[in-house]
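Just so it is clear, none of the values below were taken in a lab; they were calculated from the coordinates. All values reported here derive from a predicted model rather than from experimental measurement. All Cβ positions, even for glycine, are placed from backbone atoms using ideal geometry, and neighbour counts span all protein chains on display.
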Amino acid sequence: MIKVLKDGYNGRMPETCCPSCFTILDAVTSLDGKNAPKTGDYTICIACANLMRFDENMQLVSASLMDIPVEHRLNFAQGVQAVKTMRGL
Ligand SMILES: [Zn+2]
């Protein structure tokens, strides 16, 4: 069952793939739990922990931690580590 959030966003996105591991991705979870991703947003691959950004076509491109605004870097670093731990990477 797909959870529908307050603004109607259900976490689904058009299929795209991780540029690192090529896993097909079709869903995303927002840190605030209510907003769909938009161009320039960052995310983490649930399969390989690759840090990525949505480009102008809402495709995923690899990103560096240094690309992320400083006030969010620690959250993303912790997110990458959490996925690596969960996946045994
Ligand atoms: Zn990946």
Given charges at beta-carbon only (K, R positive; D, E negative), |dipole| of the stretch 12-87 in Debye: 260 debye
Helix axis angle, 70-87 relative to the chain longest principal axis, alpha carbon, degrees: 90 degrees
Simple spin-label estimate for His72 and Ser30 in nanometres, 7 Å along Cα-Cβ: 1.2 nm
The chain - mean residue ellipticity at 222 nm from DSSP helices (-39,500 (n - 2.57) per run, n ≥ 4, rounded to 500): -7000 deg cm²/dmol
